[in-house]
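The values are calculated or read from the model by the stated rules, or taken from the named source; none is laboratory data. All values reported here derive from a predicted model rather than from experimental measurement. Every residue, glycine among them, receives a Cβ derived from its backbone with ideal geometry; neighbour counts consider all protein chains shown.
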Amino acid sequence: MNLKIVGNYLIMNMKCMKYYATAIMGLERIAADEIEELGGRIKEIREGKGRIFFEGKFELIPKLNFFRANH
């Protein structure tokens with residue numbers, strides 16, 4: 001992780017971060033497809049448990065949050 005200060009902001013330059021998302025049990029595959037469409041790389045799906053583990057850039061998180069709120 002590289003950090004640099006630009007003006008009053010601390011900027012993070014991260015290549016890839018690890019995340020997990022929760023989903024309604026039984027809908028993990030659908031949620032994983034949506035994560036991939038937005039740029040995430042699925043690492044593991046725990047079907048029947050409601051968990052999706054994935055990797056992606058930091059910029060992926062606002063996209064997922066916006067998609068979730070407007071879908």
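Residues that are under 11 Å from Ala21 (Cβ atoms) and modelled with pLDDT under 95 within the range 41-59 comprise just one, Gly56.
When the test is whether a residue is surrounded by fewer than 14 Cβ atoms within 10 Å (Cβ to Cβ) and modelled with pLDDT of 95 or more, Lys15 does not pass it. Exactly one residue among Leu64, Leu27, Leu10 is at pLDDT 90 or above and of a type in the set (A, V, I, L, M, F, W, C), and that residue is Leu27.
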